[in-house]
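Everything below concerns the one structure shown next.
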Amino acid sequence: MHPVFANLPTTVFEVMSRLAREHDAINLGQGFPDDPGPEDVRQKAAEAVVSGWNQYPPMMGLPELRAAVAKHYAHWQGVTLDPESEIMITSGATEALTGAILTLVEPGDEVVLFQPLYDSYLPMVKRAGGIPRLVRLEPPHWRITEDALKRVFTKKTKAVLFNNPHNPAGVVYSMDDLKLLARFCGEFDAVAICDEVWEHVIFDGRKHVSMLSVPGMHERTVKIGSAGKIFCLTGWKVGFVCAAPALMRGLSKAHQFITFTTPPNLQAAVAYGLGKSDDYFLNMRGTLARSRDRFAAGLKKLGFDPLQSQGTYFMNVDLAALGINEADRDFCQRLVTGNKVAAIPVSAFYAEEPVTSVVRFCFAKHDATLDGAIDRMANLRR
Ligand code: PMP
Ligand code: GLN
């Protein structure tokens, strides 16, 4: 068996969701909303299952969905994409990430990654034979600095894997941050694999800036999106890959032998959904921001000082600030078994497993769920 997988533990999301079920806990661990997602979009999928095409769709995705993705990004992010040569549909962002890594990274190539990092990145880079060059982002601002980039970019750098908005940090990077990274990509001739799955889940009037829109980056960016996040339908594995034609030619070859296609009925529903009015997307953000604020207020009453969440479904708290002298993993174990609330220890997002005192909660839940979790955590101080 390949050692990368032979030695890999089960992903923390699966572990915590299983513990939540076993202990009948409120699950604020794995990131998925209580809300069932927009009914009209689900209805479209149902109609497409019953009356639509259920055989293989085209390998690159339904033409109507590729056109809808181009239109959506032109409208929301000001990027111009040719649906025919620059857009491909994958089975979720997870497939898109794997495909991009397998396409771009050859054994011995260096890949710049930022910690905390989403859990699929590192195993796939290693499996491709890439050498990870890790930058550590520090709370509370989690900013990228020029000094940090200078330390990791070398002439062997093939790609940088960048997540914006960032899970689990909950920060949204600005045009200035992106320009800094873009300068290094240009100087070292590296491709930016940009995981932008949280692009619509941003709060307080913020705007998502895609790496594709940074001057000079169109030819060296692989932008990855996910309908699961855009429509709060996380079980729908429909991903979007956007890249210039020269890159897309290679990416499509990986896709053809990873999954080849993605269920056509879900693609049809996503094509419809991407055309929904601005109000839908803005309301979704507003509803999530209200949940965020409600949960933050609850945490504050318990004595926590939650870190700011600018985007994603997540809010982090530093246990040390509450005077809890306990490793995040131990705390989460105690929380799920004793208090019956599941959360994610942020140390799971680091390569070298540092012990952190930061814990991530998912606030994309109904008020009653959030209030219930806060009630169950009332006795945390010890
Ligand atoms: N990247 C990040 C940063 C994520 O948070 C997630 C999932 N939540 C994914 C990728 C995977 O997206 P998908 O479910 O579309 O595969
Ligand atoms: N992205 C989700 C999270 O961060 C989980 C995805 C998964 O379970 N693989 O919680």
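Read the figures in this text as sums done on the coordinates, not as results from a lab. All of these numbers come straight from a predicted model, not from anything done at the bench. Glycine also receives a Cβ, built like all others from the backbone with ideal geometry; neighbour counts cover every protein chain displayed.
See the values below:
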| item | result |
| --- | --- |
| Rounded Å value of the spacing that divides the Cα centres of region 330-382 and region 1-18 | 20 Å |
| Charge context of Glu14, other residues only, Cβ under 13 angstrom, K/R +1, D/E -1 | 0 |
| Förster radius 30 Å - calculated FRET efficiency between Asp189 and His141 (Cβ-Cβ, nearest 0.05) | 0.55 |
| Label-point separation, Gln55 to Asp279 (7 Å along Cα→Cβ), nm | 4.1 nm |
| Over the chain, equivalent-ellipsoid semi-axes from the Cα gyration tensor in Å | 32, 26, 20 |
| Phi to ³J(HN,Hα) by Karplus 6.51 cos²θ - 1.76 cosθ + 1.60 over region 51-67, Hz, x for Gly, Pro | 10, x, 7, 10, 9, 3, x, x, 4, 7, x, 4, x, 5, 6, 4, 5 |
| Cross-link partners of Lys340 among lysines (Cα-Cα below 23 Å; sequence separation of 8 or more within a chain) | Lys300, Lys301, Lys365 |
| Sequence-distant residues sharing a close amide H with Ser226 (under 5 Å, placed H) | Phe240 |
| Built amide H within the under 5 Å cut-off of Arg136, gap 5+ | Gln115 |
| Cross-link pairs Lys126/Lys158; Lys44/Lys276; Lys179/Lys223; Lys158/Lys229 - those with Cα-Cα distance over 18 Å | Lys158/Lys229 |
| Net charge of Cβ neighbours under 15 Å - reference Trp53; Lys, Arg +1; Asp, Glu -1 | -1 |
| Computed label-point distance, nm, for sites Arg18 and Val355 using a 7 Å Cα→Cβ extension | 2.5 nm |
| Set of aspartates and glutamates with alpha-carbon distance to Lys253 below 16 Å, sequence-local pairs under 8 removed | Glu84, Glu86, Glu95, Glu106 |
| Cα-projected label distance for Asp40 with Val4, points at 7 Å along beta-carbon direction, nm | 4.2 nm |
| Length-normalised contact order of the chain in % [C-alpha pairs under 8 Å, at least 6 apart] | 25 percent |
| Per-residue HN-Hα couplings for region 284-294 [Karplus 6.51, -1.76, 1.60; θ = phi - 60°; Hz; x = Gly/Pro] | 4, 5, x, 5, 5, 5, 5, 5, 4, 5, 5 |
| Karplus-derived HN-Hα couplings along region 220-231 (A = 6.51, B = -1.76, C = 1.60, θ = phi - 60°), whole Hz, x at Gly and Pro | 10, 10, 10, 8, 10, x, 8, 5, x, 7, 5, 10 |
| Distance from region 224-251 to region 112-145 (C-alpha centre basis), Å | 20 Å |
| Modelled FRET efficiency - R0 51 Å, Glu219 with Ala378, Cβ distances, 0.05 increments | 0.40 |
| Computed lengthening from Asp305 to Asp367, 0.36 nm per intervening residue step minus Cα-Cα distance | 20.3 nm |
| Theoretical FRET efficiency, 1/(1+(r/R0)^6), r = Cβ-Cβ of Gln333 and Glu47, R0 51 Å, to 0.05 | 0.70 |
| Counted charge near Asp195, where neighbours are those whose Cβ lies closer than 14 Å (Asp, Glu -1; Lys, Arg +1) | -2 |
| Enclosed volume per residue, in Å³, of the convex hull spanned by Cα atoms of region 101-242 | 108 Å³ |
